[in-house]
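The next block holds one structure in the form of structure tokens; read it before the comments.
Values in this text are rule-based calculations from the coordinates and carry no lab data. Values in this document were obtained by computation on a predicted structure and should not be read as measured data. All Cβ positions, glycine included, derive from the backbone under ideal geometry; neighbour counts span all protein chains shown.
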Amino acid sequence: MSSSELTPPDHSSLQPVGRTGSLLLEMRNIRIEGFSDERWHKIIKGVNVILNRGEILGLIGESGAGKSTLGLAAMGFARPGCRITSGEIIFDGLDLGKATQSVKKHIWGTRIAYVAQSAAAAFNPAHRLMDQTVESTVREKIKGEAEARLDAVNLYRSLQLPQADTIGERYPHQVSGGQLQRVMTAMAISPRPDLIIFDEPTTALDVTTQVEVLASMREIVERFDTAAIYITHDLAVVAQMADRIKVLRYGEEVEEAETEEMLNAPKQSYTKSLWSVRALQKPVQKGDDILLDIKSVNAAYGKSRVLHDVSITVPRGSTVAVVGESGSGKSTTARVVTGLLPPEEGKIIFDGVGLPTKLSDRSKDQLQKIQMIYQMADTAMNPRQTVEEIIGRPLEFYLGLRGHVKEARVRELLEMIELDESFMDRLPAELSGGQKQRICIARALAAEPELIICDEVTSALDQIVQEGILRLLMDLQTRLGITYMFITHDIATVRAISDEIVVMYQGKVVEQGLKSEILNPPYPDYTQLLLSSVPEMDPNWLTDLLKERSIEPSEI
Amino acid sequence: MSMGTSKSTDTEVIYSAAGEVGAVRKRRTFVERNWIILKKAPLTAWFGMIVFCCYIVVAVFAPWLAPFGEAEVFNVPFAPWDETHVFGTDQIGRDILSRLIYGARNTMGIALLTTILSFFIGGVLGLVAAIDRRYLDQVLGRAMDVLMAIPSLIFALMLLSIFGSTVTSLILIIAVLDSTRVFRLTRSVAVGVVVMDYVEVARLRGEGLGWVMRREILPNIMPPLIAEFGLRFCFVFLTIAALSFLGLGIQPPTADWGSMVRENANLIQFAAYDIKASLTPLLPATTIALLTIAVNFIVDWFLHQTSGIKDE
């Protein structure tokens, strides 16, 4: 998939412009403060950024490190409630820190473009994609309307969008998330900016889609020799994109180096710890005592059938990972097990006894034994309840604990999840993402369950926090003998914690077996695709992968 | 950001769950938090709050504040403004000022009772409809549509002439008619909360409908409901005033601002002879207007507060 094949021969505007190397953006000693809780807090504490034309800089760090704030500052923009207190932002000789709002408005969207994390939220649902793609180009009179539209179609084509000629006529809700993210890239590149800021553009996508989007983004950025700042918390992704990587933590720079150097020889211990996350491994354990047996379940939402003859067995005390891309029926399977979605056919046998299919028919005892942990810890906790109330409720409801006994047990549970009693009277909004997920784990543990269904519990978290959560879950399993059914699309997580793996695709079980069997060849086609889509810590991984894959990405 | 040292089993010093950077905030007491909010309140909100408090004081202490009794009749009807009768007397010789003061008690009291009742009816039904999205939602929703399709003032007039203009029927009828709006609002905000994972968590735990409604949903839809309560209170109050003006509201001799406007309306024709006397019917009208504006100022500010918009 070289650029010469993709470039339509009759449009000279798509040819690269050679001007690589000279200094494009220089940010000196940037300090940014944010206002919250009646005070100004330092978000960025004196960071320098230097970016040359045609260069891609990866900004990496955990959430709260100030990556996005710094990325926006590169445009001379501070979010509402934030202010840039000092430092210079020189973009192509122009000081954006001092520039007036009207000057900046001309630059934004034309010379500096921004690609946001959630494409779905960034598009105006009431306008067609084409109109939005060419809007700033036409408004700033960089190209004529007709020329811009023609160019946009070519961009769509180079970005591997299906039906490039007509896709622009659609509205944002008529295309998928991955496609929308690519349209947004087309929108960014349409006025041929000097700099594009990518703010976690692939974080919300699943692995197989992520690969396509990454490939097309990288391709187009290289072709037009655009400089880019690529913000992410996923190291493997940034390794594919960036020439240089800068690691941020607590608003300060930890280290910066060329990608190869950074991957092979990180200097700081913090950077090393980021790199070591994926080293987590669990020895495979084979269990024969079946705790949960899902027997040929068919389930549907209304008329559309989503599960076809799904059978999964979960041995007691082990972890069964259910993997597949979004829409493969993983979460629906969990809903069937919990009783939220009664199946049309099939049985669920728990601990040797058939479970009533409907939630309302199950006894308190049966409910107690199966607990669930959700992907978004934010929405899984009532924002108006304190940690003590959240963890205390199952204790009161199932075990009848009250008063001091309950309080003591809450304290015990908090210690089990490596937090302490100072958290008891906090509200969910006062916790970080990882802490929230831990509280959810404690709530599940409070019920003293036998099976915990974990639905993508770590996918919303940063790598380093993910590792902490996974370690905790594994640790709890050895101590309490809990069984996990672990739903995820992240193969790295699966490698880390599972005993058995179930691969699902389009509502069917493709494979079930021990981790050692599934993750070794020979693979069925889909498993192969899924496995190869997980970014690896190798700057050439994406290039090699694209070479290997004979299939067109858009057909996946 | 420094939350003590690591208790983690993790041997690396780099990471500890308790020390993880999050929005670590200072925990404040209820009073402190509210004081911060109050300090930032705009002038209009302060104006609204002060005016509203005055009304409450007047309503509560009416018997002590009023110079004369509510239904005390004097010899001179339509007496001019003088020292004994500050705002003169009405068509049968009752002191206007006293009636204005007692009116605060009657009109506001009834309006408050009605609003509370309508919120109870509309709120409970709205929550039930939001949770049970199948038949009940449809049945309740369409029933409310039917009620809303009939102009409420005319409907109220009709029902009042059927059931008679007693205070009880007045409260009940307006409450039921007004609960349709509350139902709609409650349902629409609750629908957004019902789909949250924490409600599912509660249902998976086996919690009953009452618990889910009271503990999981209600606290999260309070801000719009409180704001609506303020607005509804105004509307109820205006409806009562309008009904009284039309003669079907609060019945004499109970003092009420709406009927006072009607009874003294003729005085406005005397403007050429006695400008003060002609202002008399405007006094109860002004009290109604002032209270409405005050409540709206408070509600506006409250809505702005809870919407979470950050001012630059």
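Things worth noting here:
- Reachable lysines from A:LYS436, criterion Cα separation under 18 angstrom, eight or more residues apart if same chain: B:LYS7, B:LYS26
- Under Stokes-Einstein, with the Kirkwood radius over Cα pairs as Rh, the value for the stretch A:427-556 at 20 °C and 1.002 mPa s is 128 µm²/s.
- For the pair B:ILE92 and B:ARG215, label points projected 7 Å from Cα toward Cβ lie 5.6 nm apart.
- Loop-located trypsin sites (Lys or Arg not before Pro) in the stretch A:50-155 (DSSP state other than H, G, I, E, B) with a sparse environment of at most 13 neighbouring Cβ atoms within 10 Å: A:LYS98, A:LYS141.
- Cα Rg, Dmax (largest Cα-Cα span) when computed across the stretch B:36-307, Å: 21.9, 76
- Amide H contacts of A:ALA228 (H built 1.01 Å from N, in plane; Pro and chain starts excluded): A:GLU55, A:ILE56, A:LEU57, A:ILE196 sit under 5 Å, all sequence-distant by 5 or more or on other chains.
- A simple spin-label model places pseudo-atoms 7 Å from Cα toward Cβ; at B:TYR135 and B:ILE154 they are separated by 3.4 nm.
- For peptides A:240-246, B:54-60, sequence by mean Cβ density within 10 Å, most packed first: A:240-246, B:54-60
- Inter-centroid distance (Cα atoms) of the stretch A:23-71 relative to the stretch A:386-423, Å: 39
- Couplings 3J(HN,Hα) for the stretch A:355-362, derived from phi with the Karplus relation 6.51 cos²θ - 1.76 cosθ + 1.60 (θ = phi - 60°), are 8, x, 6, 8, 4, 5, 8, 7 Hz, where x marks Gly and Pro.
- The protein assembly as shown: antiparallel DSSP beta bridges as a percent of all, rounded to 5: 55
- For A:LYS246, distant residues with modelled amide H under 5 Å away: A:GLY58, A:LEU59, A:ILE60
- The amide H of A:GLN375, built 1.01 Å from its N in the peptide plane, has A:ASP455 as neighbours under 5 Å, considering only residues 5 or more places off or on other chains.
- Within the stretch B:131-224, the trypsin sites (Lys or Arg not before Pro) that combine a DSSP coil assignment with at most 14 other C-beta atoms in a 10 angstrom radius are B:ARG133, B:ARG134.
- 22 Å Cα-Cα reach of A:LYS303 towards lysines, excluding residues that sit fewer than 8 places from it in its own chain: A:LYS295, A:LYS330, A:LYS347, A:LYS358, A:LYS508
- Assuming charge only on the beta carbon of Lys and Arg (+1) and of Asp and Glu (-1), the dipole of the protein assembly as shown about its Cα centre is about 1680 debye to the nearest 20.
- Residue-by-residue Karplus 3J(HN,Hα) for the stretch B:89-98, coefficients 6.51, -1.76, 1.60, Hz, glycine and proline x: 10, 8, 5, 10, x, 9, 5, 5, 4, 4
- In the protein assembly as shown, taking the dipole from charged Cβ atoms about the Cα centre, the farthest positive-side position among A:PHE486, B:PHE270, B:LEU153 is held by B:PHE270.
- Spin-label model distance (nm) - A:ALA265 vs A:ARG170, 7 Å beyond Cα toward Cβ: 4.8
- Distance between the stretch B:249-279 and the stretch A:115-148 - C-alpha centres, whole angstrom: 62
- Ratio Rg/Rh [Cα only; Rh per Kirkwood] for chain A: 0.99
- Positive end of the dipole of the protein assembly as shown (Cβ unit charges, origin at the Cα centre): among A:ILE89, A:THR271, B:ILE240, the Cα lying farthest that way belongs to B:ILE240.
- The A:ASP95 and B:VAL195 beta-carbon pair, evaluated with R₀ = 45 Å, returns a calculated FRET efficiency of approximately 0.40.
- Cβ neighbours within 10 Å from other chains - mean over B:199-212: 5
- Looking at the stretch A:346-408, none of the GluC sites (Glu not before Pro) sits in a DSSP loop with at most 13 other Cβ atoms within 10 Å of its own Cβ.
- Whole-angstrom gap from the stretch B:149-185 to the stretch A:515-548, using each part's C-alpha centre: 68
- 10 Å Cβ neighbours from other chains, averaged over peptide A:430-443: 3
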